[in-house]
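A.B. asks: One structure, pasted below without further comment.
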Amino acid sequence: MAPTTVAQPYRFAKGGRIDRTRPVHFLFNGRTIAGFAGDSVASALLANGVHLVGRSFKYHRPRGILSHGVDEPNALLDVSRGPGRRDPNNRATMVEATDGLVTRSQNHWPSLKRDIWAVNDLLAPIIVAGFYYKTFKWPRTFWHRLYEPAIRAAAGLGLAPTEDDPDRYVHRHAHCDVLVIGSGPAGLAAALAASGSGKRVIVADEQAELGGTLLHDASSTIDGESAEAWLAGALAMLRAQRNVTLLPRTTAFGYYNHNHIAMVERLVDHPAPGSTALPRERLWQVRAKQVVLATGAHERPLAFADNDRPGIMMAESIRVFLNRYAVAPGRRIVFATSGASAYQAAADAKAAGLDVTMVDTRPEAGCGVQSARLRALGIEVLTGHTVLGSVGRMKVRGLIVAPRDATDRIGSRRTIACDAVGLSGGWTPAVHLFSQSRGKPVYRDDIDAFVPGTSVQAERSAGAAKGTYDLAAALAEGWRAGAEAAGLDGTRSFAVSPPTRTGFTPARKLPTDVDASRVRAFIDFQNDVAAKDVELAVREGFESVEHVKRYTTTGMATDQGKTSNMAALGLVSDALGRPVPQVGTTTFRPPYTPVSFGAIVGQARDALFDPIRTTPLHDWAVAQGAVFEPVGLWRRARFFPKRGEDMHAAVARECRAVRSAVGIFDASTLGKIEVVGPDAAEFMNRIYTNAWAKLEPGRCRYGLMLKEDGFIFDDGVVARLARDRFHVTTTTGGAARVLAHMEDYLQTEWSNLQVYLTSVTEQWSVIAVQGPRARAVIAPLVSGMDLSQEAFPHMAVRIGKICGVPTRLFRVAFTGELGYEVNVSADHARAVWEAVYESGRTFGITPYGTEAMHVLRAERGFIVVGQDTDGTVTPEDAGLAAMIAKTKPDFVGKRSLMRPDMVAADRKQLVGLATQVPQLVLDEGAQIVADPRAPIPMKMLGHVTSSYWSTACGHSIALALVSGGCARLGQTLYATTPTGFAAVRVVEPVFFDRHGERVNGDFAHA
Amino acid sequence: MLLVNCPYCGARPEIEFRCGGEAHIARPVQPSALDDEAWAEHLYFRTNPKGTHAERWLHVHGCGRWFNALRDTVSDAFTASYTMGEQRPDAGKEGE
Ligand SMILES: [Zn+2]
């Protein structure tokens, strides 16, 4: 795509801030559009005479470019920058024209010019405000099946991308003393004032170029310089200072607590040669000591019939396209205004050689010297007129106007031929960020606008954002705001010539000579809300602006009321006969403008979406072909399938190996905490239900921990290494919260205890060697330890060496077999593991995963906290009453165990279930009832918590929490299955080796 | 995101902290001496004021220390941070 000769018929030969030496070409609906570096997509389209850029949301009316900035409600394009780099709903006014862009209009079928859904426009008398709510209510089931899918298919605005986004997005945190948002005259003056203090200043502006309104001000001089020259000087001064960071293309979209401001910086959407290494967007999270809001104001359209025809735009936007982009939006322009600022736009258009007519809704007397000056330029000025409508179809061809008198009697119509219209209904300060900062905007009658009221956070507003439209006043206000924000006192005045034309008379809805209730005068272009929709909502009883907003959808979605807010408030106020301040204003919510998901997500995608923890033995398991499962943040080997094995076969084989010979298991994920200090035993006594004082060094004990409410919190084997040193293990998922729980009590309740808590989960890797041959496997590897039954019994711990490296060797058996847990430092874990595995080969050592571990422990009836308990289970419920040291006067949770509801007979208690059909493995979570024929809803007695096939037993096994379970032993109950119910018998929750004799393994027959 | 002042580390973003609920609720020295109602009161009932609230905060991703802070539940403004065991700075003015 390189035709350089594409004409730009509406481009001026000279002027503007575009770079004519750098032509750019992009596609719009398949047509090549030529522009220059510095163009927005909107300005390039207009340079080529393209106004029609979309169909409206509801009525599918042809729509054109309305504005020049973020307030653009119509020109929302689907923009593609290459494969995977496509997204919808880009404002054409904010997308910089770049070579190779592929842009498309939205919301039409089959084409922009011939859109079948335009039939909605003919149905407009039916599709009024609240249409959906009123019409699609009956019959009830039709909503989900028919109405909603059909409405959604017809209504959606833009198509979500489906491909992976290949771009990179990053987050950045920054601190500054003064954050200036907006770089128009007030913002720049604030930055200049604040930067002189040497304090850290950040200036952010959503536009590609800093300068705001100064970028298109061709008439003002500031302190004797042209606005353009003053802007260049100000920027040069700011750039020269190291304490100032200037961020163009950066939208501050959220103002949060404690002066936390979120901004998104666009980095590679704009032409920047060789910048492919850059991320596409950068999300800034700024914590500012002080904020200056210099966010400017948005121009309001005028409401009259067919005010939405392509070619009808905002008056100030015409000025922007003329002066900043050197583009004529039309050759015969009519301005329609209720205020003074459009007069400057008209004068600029005239100076550019265009044919200009001015229509002012105000009476001649209200227009002062402005109309005289314009007439002196040879422009026809019609004061005291109203606008009755527009003509044209895909593009405006004329504006219908008529004189009005003081009583709104309308004179004879006249159609002024034109190819562009500039509307100005006054200005609305952009108080969005102020409102987000929790500030309440206050209404100023003299400018018919809400302006920032009392500051809630450390911020101040300046310039048009505060309703100060006069350039000299905005500069002075900005300077003062910047100085104050930097802790300086100082004011400065600026000499501006000629004085800014300000002031307007609010016009909610222009008077008309036809039935006003039939006129569709749009106030919210994005949501297709007309003035009469707001009036209808009020007639139907919606009096709160928040309700009117939701009922009519005005100011919703991405628009957030930038162009429409005051029009809607004004109409509600008129309809209710209440002054605007009593009607109030809606709350503005973040984001100010839409933010890409990429920017919000940042680097947290794919592998970085959620951190994954792996043990030092992970790679060994991967090499063995293990299948993994997530356990909290950990990835654990679930089973080790051999060729052709499914999970069932692999788990059965692994279980058989542990019961008959020996298995090896990576238990490194167990939480480990060292509890050390002179008061360690006392601390343990208070935290655990068990008694610890009499536990001898070198011995282990199963410990149970409750929360203060009496419910099981965590469990694990605890080894006493010395009188003042305990090696505590926790569940895999509970490590962090157990440490936090311990620290909480230690720091806040028992700060007199001399105890230190240290997490050693990552330091100690744990190799579980379990099965009758376990001792034989490790015996050749250990030194400094006597493994004999007498010297090293079950539930003992010894410190020695294995493979020459230090170990804390536990003799424990979560499988119920003779077993050891070899704790070695993480660095040595892989080598020790491989040595153990090698040593075990002659015994048929078999690596097993978490699934086999679960089967083995469930066969013995050992619970897993968090699976067989759920935060409402007491030790008694879980059959662990023996773990409670009755002699201790107190421990965390003890008092709660005596509360009446904690000892009630019908509490859910842990039991075993034996299925009537031995092969049937119940679903974990299956509900349990007494009588499957009982009427629905049935009384649920409890649920299955653990359920497995047991190779050792030859039948399925299950643990369950059942109401009054201990008293139901022998009863037949029913568990739900995917197809119905299965009969189960309540049994003791131990299925294998009921007396726990196997923990002595081959000692028994040694 | 709030800016929370740790008495040991200074002002840090909220994501480094965990809030531990109402402060100055001491665990009874002898829980067994409390009747069921008094124990339930200790366990479950909190003041939930509109206005200044004394709260426990843990600088979990920082120094790991617990401390107390006064926060306005309406504006989220912090008026004080103080170490465990220190008296509430606005003692005697609670409930305003
Ligand atoms: Zn800290």
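The values are calculated or read from the model by the stated rules, or taken from the named source; none is laboratory data. Note that the structure is predicted; figures quoted are calculated from it, not measured. Reconstructed Cβ throughout: ideal geometry from the backbone, glycine too, with neighbour counts over all protein chains shown. Side chains included, ligands, DNA and RNA excluded: accessible areas come from the protein's heavy atoms. Shrake-Rupley method; radii C 1.70, N 1.55, O 1.52, S 1.80 Å.
A.B. asks: Only one of B:Leu43, B:Leu3, B:Leu34 is within 14 Å of the ligand (Cβ to nearest atom) and at the interface with chain A (Cβ under 8 Å from one of its Cβ atoms); which?
C.D. replies: The match here is B:Leu3.
A.B. asks: Working only within segment A:599-630, note down all residues that are within 23 Å of A:Ala262 (Cα to Cα), of a type outside the set (D, E, K, R) and either open to solvent by less than 80 Å² (accessible area, probe 1.4 Å) or in a loop (DSSP other than H, G, I, E, B) (or both).
C.D. replies: The answer is A:Ala599, A:Val601, A:Gly602, A:Gln603, A:Ala604, A:Phe609.
A.B. asks: Here is a list: A:Arg444, A:Arg480, A:Arg414, A:Arg438. Which entry is outside the structural domain of A:Ser493 (by TED's automatic domain parsing), among the basic types (Lys, Arg) and open to solvent by 30 Å² or more (accessible area, probe 1.4 Å)?
C.D. replies: Just a single option satisfies the conditions, and that option is A:Arg414.
A.B. asks: For segment B:15-31: of the residues being touching a Phe, Trp or Tyr at 6+ places or on another chain (Cβ under 8 Å) and of a type in the set (A, V, I, L, M, F, W, C), which is nearest to the ligand (Cβ to nearest atom)?
C.D. replies: Looking at the filtered set, the residue picked out is B:Phe17.
A.B. asks: Is it fair to say A:Ala485 is more than 20 Å from A:Glu299 (Cβ to Cβ), buried (at least 24 other Cβ atoms within 10 Å of the Cβ) and at pLDDT 90 or above?
C.D. replies: Yes; evaluated as a whole, the condition is true for this residue.
A.B. asks: Taking the stated definitions as given, is A:Thr730 under 30 Å from B:Trp39 (Cα atoms) and either small (Gly, Ala, Ser) or modelled with pLDDT of 95 or more (or both)?
C.D. replies: Here the answer is yes, as A:Thr730 does meet what is asked.
A.B. asks: Right, next: Please tell me if A:Arg686 is away from chain B (no Cβ under 14 Å), modelled with pLDDT of 95 or more and either open to solvent by 10 Å² or more (accessible area, probe 1.4 Å) or closer than 22 Å to A:Thr815 by Cβ (or both).
C.D. replies: no
A.B. asks: Any residue that is β-branched (Val, Ile, Thr), within 14 Å of another protein chain (Cβ to nearest Cβ) and free of Cβ contacts under 8 Å to residues at least 40 places away in the same chain - is there at least one of those in segment A:827-849?
C.D. replies: no
A.B. asks: Here's another thing I want to ask about it. Would you confirm whether any residue within segment B:60-79 is farther than 19 Å from A:Met742 by Cα, within 16 Å of the ligand (Cβ to nearest atom) and surrounded by 11 or more Cβ atoms within 10 Å (Cβ to Cβ)?
C.D. replies: Yes: one or more hits.
A.B. asks: Kindly establish whether B:Glu55 is within 16 Å of the ligand (Cβ to nearest atom) and more than 11 Å from chain A (Cβ to nearest Cβ).
C.D. replies: The answer is yes for B:Glu55.
A.B. asks: Which condition breaks for A:Val822 when tested against (1) farther than 20 Å from A:Arg857 by Cβ; (2) buried (at least 24 other Cβ atoms within 10 Å of the Cβ)?
C.D. replies: Only one criterion in (1) farther than 20 Å from A:Arg857 by Cβ; (2) buried (at least 24 other Cβ atoms within 10 Å of the Cβ) is unmet by A:Val822, namely (1).
A.B. asks: When only residues in segment B:65-77 that are within 9 Å of chain A (Cβ to nearest Cβ) and at pLDDT below 95 count, which is farthest from the chain's Cα centre (by Cα)?
C.D. replies: B:Ser75
A.B. asks: Further, regarding this structure: Within segment A:760-799, can you find the residues that are more than 55 Å from the chain's Cα centre (by Cα) and surrounded by 20 or more Cβ atoms within 10 Å (Cβ to Cβ)?
C.D. replies: Listed by number, the list holds a single entry, A:Ala776.
A.B. asks: Let me ask another. In the set A:Thr872, A:Thr850, which member is out of contact with any Ser or Thr (no Cβ under 7 Å at 6 or more places or on another chain), open to solvent by 10 Å² or more (accessible area, probe 1.4 Å) and of a type in the set (S, T, N, Q)?
C.D. replies: Going through A:Thr872, A:Thr850 in turn, just one is out of contact with any Ser or Thr (no Cβ under 7 Å at 6 or more places or on another chain), open to solvent by 10 Å² or more (accessible area, probe 1.4 Å) and of a type in the set (S, T, N, Q): A:Thr872.
A quick yes/no check of all residues on (1) over 30 Å from A:Asp348 (Cβ atoms); (2) modelled with pLDDT of 95 or more; (3) within 14 Å of chain B (Cβ to nearest Cβ); (4) surrounded by fewer than 19 Cβ atoms within 10 Å (Cβ to Cβ):
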position: A:Glu225; (1), (2), (3), (4): no, yes, no, yes
position: A:Leu235; (1), (2), (3), (4): no, yes, no, no
position: A:Pro248; (1), (2), (3), (4): no, yes, no, yes
position: A:Gly254; (1), (2), (3), (4): yes, yes, yes, no
position: A:Ala262; (1), (2), (3), (4): yes, yes, yes, no
position: A:Pro279; (1), (2), (3), (4): yes, no, no, no
position: A:Val286; (1), (2), (3), (4): yes, yes, yes, no
position: A:Glu299; (1), (2), (3), (4): no, yes, no, no
position: A:Met314; (1), (2), (3), (4): no, yes, no, no
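A.B. asks: Check A:Ala303, A:Ala346 and return the single one that is assigned to a loop (DSSP other than H, G, I, E, B) and either within 35 Å of the chain's Cα centre (by Cα) or small (Gly, Ala, Ser) (or both).
C.D. replies: After applying the criteria, what remains is A:Ala303.
A.B. asks: For segment A:343-360, how many residues are within 19 Å of A:Arg508 (Cβ to Cβ) and either open to solvent by 20 Å² or more (accessible area, probe 1.4 Å) or without any contact (Cβ under 8 Å) to a residue 40 or more places away in the chain (or both)?
C.D. replies: Matching residues across segment A:343-360 total 1.
A.B. asks: Look through segment B:80-92, keep the residues that are within 11 Å of another protein chain (Cβ to nearest Cβ) and within 15 Å of the ligand (Cβ to nearest atom), and return whichever of them is farthest from A:His258 (Cα to Cα).
C.D. replies: Selected residue: B:Met84.
A.B. asks: Quick check: anything in segment A:334-342 in a loop (DSSP other than H, G, I, E, B) and either open to solvent by less than 20 Å² (accessible area, probe 1.4 Å) or in contact (Cβ under 8 Å) with a residue 60 or more places away in the chain (or both)?
C.D. replies: Yes, some residue in segment A:334-342 is in a loop (DSSP other than H, G, I, E, B) and either open to solvent by less than 20 Å² (accessible area, probe 1.4 Å) or in contact (Cβ under 8 Å) with a residue 60 or more places away in the chain (or both).
A.B. asks: Let me ask something else. Taking the stated definitions as given, is A:Val70 at pLDDT below 95 and in a strand (DSSP E or B)?
C.D. replies: When the stated conditions are applied, A:Val70 does not pass them.
A.B. asks: Now, a different point. For residues that are at negative phi and in a loop (DSSP other than H, G, I, E, B), scanning just segment A:288-297, find the one that is surrounded by the most Cβ atoms within 10 Å (Cβ to Cβ).
C.D. replies: Going through the qualifying residues, I end up with A:Ala294.
A.B. asks: May I ask you to list pairs of residues, at least six apart or on different chains, whose Cβ atoms are under 9 Å apart, with the first in segment B:4-16 being more than 12 Å from A:His260 (Cβ to Cβ) and of a type in the set (Phe, Trp, Tyr) and the second being more than 8 Å from the ligand (Cβ to nearest atom) and assigned to a helix (DSSP H, G or I)?
C.D. replies: Qualifying pairs under 9 Å: none.
A.B. asks: Where residues in segment B:12-21 are in a strand (DSSP E or B) and either exposed (fewer than 15 other Cβ atoms within 10 Å of the Cβ) or touching a Leu at 6+ places or on another chain (Cβ under 7 Å) (or both), which of them is farthest from the other protein chains (Cβ to nearest Cβ)?
C.D. replies: The selected residue is B:Cys19.
A.B. asks: Let me ask another. Suppose we filter A:Ser437, A:Ser390 for residues that are within 14 Å of chain B (Cβ to nearest Cβ) and touching a strand residue (DSSP E or B) at 6+ places or on another chain (Cβ under 7 Å); which single one remains?
C.D. replies: A:Ser437
A.B. asks: Ok, one more. Please count how many residues of segment B:33-62 are assigned to a strand (DSSP E or B) and of a type in the set (Phe, Trp, Tyr).
C.D. replies: 1
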